[in-house]
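So the structure is just underneath, and the comments pick up after that.
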Amino acid sequence: MAELKGRVRIATNVCKGCGLCTVACPVDIMVFNGNSVNLKGYQPPTITEPAKCTGCGNCAQMCPDSALTVERFTSKKEDPACLKA
């Protein structure tokens with residue numbers, strides 16, 4: 001199984017469906033599927049392949065409503081704290 005690099009959480013009831021996050025995603029995993037509408041009547045995006053998320057944060061930076069939260073995971077090889085003895 002591939003190591004997760006990042007995770008996006010979508011506050012669906014905050015989203016206004018502007019689509020800026022879908023344009024900003026470099027791996028094209030954020031899409032509108034047309035199957036859901038939030039309490040405000042907007043269509044929030046969904047993530048098609050969560051394992052492909054790089055945790056870059058582009059989607060969250062583009063969101064005018066701060067409806068997205070991105071977590072980025074680092075491996076122990078990349079973590080400077082692990083290099084300290």
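The values are calculated or read from the model by the stated rules, or taken from the named source; none is laboratory data. If you're wondering where the values come from, they're calculated on a predicted model, not measured in any experiment. FYI the Cβ positions are ideal-geometry reconstructions off the backbone, even for glycines, and counts take in every protein chain you see.
Details
- Pairs with Cβ under 8 Å, 6+ apart, first in segment 27-54 and closer than 16 Å to Asp65 by Cβ, second in a helix (DSSP H, G or I): Met30/Cys21; Met30/Thr22; Met30/Cys59; Phe32/Thr22; Pro45/Cys21; Pro45/Thr22
- Residue ID - surrounded by the fewest Cβ atoms within 10 Å (Cβ to Cβ), chosen from residues in segment 47-72 that are out of contact with any strand residue (DSSP E or B) (no Cβ under 6 Å at 6 or more places or on another chain) and among the polar types (S, T, N, Q): Ser66
- Residues in segment 17-50 that are part of a helix (DSSP H, G or I) and more than 11 Å from the chain's Cα centre (by Cα): Leu20, Val23.
- For Val14, the criteria (1) over 12 Å from the mean Cα position of the chain (by Cα); (2) in a helix (DSSP H, G or I) hold in every case but one, which is (2).
- Those residues of segment 1-21 which are in contact with a helix residue (DSSP H, G or I) (Cβ under 8 Å, 6 or more places away or on another chain), surrounded by 14 or more Cβ atoms within 10 Å (Cβ to Cβ) and free of Cβ contacts under 8 Å to residues at least 60 places away in the same chain, in sequence order: Leu20, Cys21
- Filter result for Asn38 (touching a Leu at 6+ places or on another chain (Cβ under 6 Å) and either at pLDDT below 95 or surrounded by fewer than 12 Cβ atoms within 10 Å (Cβ to Cβ) (or both)): no
- Taken over segment 22-35, the criterion of being loosely packed, with under 12 Cβ neighbours inside 10 Å and over 21 Å from Glu3 (Cβ atoms) is satisfied by Asn33, Gly34, Asn35.
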